[in-house]
């Protein structure tokens with residue numbers, strides 16, 4: 001998603017970017033490439049997790065129901081875990097996760113040249129996201145347009 005070089009400039013009218021940038025160490029190239037491959041007037045619909053979700057140990061919160069701050073933001077599996085643990089995660093077929101600041105998530109779209117014309121915060125009704133969802137929206141969606 002950070003390298004769309006297989007696509008020409010202005011190739012798309014719409015990009016739907018679900019909650020996938022948690023797998024990108026740096027989200028800014030994602031926005032820049034999205035802007036490049038959209039036609040003028042094209043829209044980027046993007047969803048992402050509220051960065052606050054990443055300050056807690058998800059497994060601990062799920063097992064105990066307790067929210068205890070554990071990690072600095074922005075969060076990164078590669079900065080949090082030892083290189084051995086990261087290697088084991090990859091060997092086990094697990095993906096690495098990264099949070100991003102709101103400056104990069106929202107401001108990065110503006111920096112890439114988009115005009116933001118929609119923003120929505122949302123909750124998750126499933127129980128597998130953890131107890132934080134009871135207290136605040138954990139998902140953010142934006143609609144950004146490439147100016148004509």
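Assorted remarks:
- Restricted to Cα atoms, the range 4-69 shows a radius of gyration and a Dmax of 16.5, 49 angstrom.
- Take every pair of alpha-carbon atoms less than 8 Å apart whose residues are at least six positions apart; their mean separation over the length of the range 12-145 yields a relative contact order of 32 percent.
- When 30, 19, 145 are sorted by how many other C-beta atoms sit within 10 angstrom of their C-beta, beginning with the fewest, the order is 19, 145, 30.
- Relative compactness, the range 12-145, computed as alpha-carbon Rg over 2.2 N^0.38 Å: 1.13
- Global form of the range 90-148, assessed from the alpha-carbon gyration tensor, a/c cut-off 1.5: oblate
- Prolate/oblate/rounded call for the range 33-107, Cα gyration tensor, a/c under 1.5 rounded: prolate
FYI, it's all coordinate maths here, none of it is from the lab. This is a predicted model, so every value here is computed, not measured. Cβ: placed from backbone, ideal geometry, glycine included. Neighbour counts: every protein chain shown.
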